[in-house]
Amino acid sequence: MGPVSPSECLFCRIAGRGIETAVLYEDERAMGFRDINPKAPVHLLVIPKEHIESLLACGEEQKGILGHLLWVANRLADAENLARDGYRVVLNVGTYGGQTVPHLHVHLLGGRSFGWPPG
Ligand code: AMP
Ligand code: ZN
């Protein structure tokens, strides 16, 4: 997983509306949409519009957007009626973390219960 230029980055292209995607949430900094290969009845992704490779690439300057992404995830969870039963938020980071798209994204999963620890 090497460095990717924003024009080649899948999630940058989604953020720039270069790829047709049903957007569930959007503001000036973030976007939320359904995962194309859902792992649960509800599986959404929340991304920053700015290209940030992963949580590992986040420093002091990114503290604001990191909080914002979690805030958006919680809003979407509420909108998807996940508040009563709960849900899971996941950040896959790097190779061992299972990250396949090198643009920071928060997974919001719900609609069933999840095991712990993850596989
Ligand atoms: P990760 O494995 O944590 O990097 O997550 C990347 C996620 O992006 C996977 O769950 C994929 O199913 C999802 N994904 C890949 N391409 C698309 C797409 N075009 N639209 C929505 N989700 C996608
Ligand atoms: Zn990107």
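Data overview
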item	result
Lone unmet requirement of (1) surrounded by fewer than 11 Cβ atoms within 10 Å (Cβ to Cβ); (2) aromatic (Phe, Trp, Tyr); (3) in contact with a Gly (Cβ under 7 Å, 6 or more places away or on another chain) for Tyr25	(1)
Residue match in region 64-84 (condition: assigned to a helix (DSSP H, G or I) and closer than 16 Å to Val101 by Cβ)	yes
Candidates Gly86, Gly119, Gly98, Gly67, filtered to the one that is more than 21 Å from Ser5 (Cβ to Cβ), more than 16 Å from ligand 2 (Cβ to nearest atom), under 13 Å from the mean Cα position of the chain (by Cα) and surrounded by fewer than 15 Cβ atoms within 10 Å (Cβ to Cβ)	Gly67
Any hit, region 50-58, residues being assigned to a helix (DSSP H, G or I) and buried (at least 16 other Cβ atoms within 10 Å of the Cβ)	yes
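For (1) more than 12 Å from ligand 1 (Cβ to nearest atom); (2) among the hydrophobic types (A, V, I, L, M, F, W, C), each residue gets a yes or a no:
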residue	(1), (2)
Phe11	no, yes
Ala22	no, yes
Arg34	no, no
Ser54	no, no
His68	yes, no
Trp71	yes, yes
Ala77	yes, yes
Gly98	no, no
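Any read-out appearing in this document is the output of simple, stated calculations on the displayed coordinates, not a laboratory observation. Model, not experiment: these values are computed from the prediction. Every residue, glycine as well, gets a Cβ built from its backbone with ideal geometry; the counts of neighbours run over all protein chains shown.
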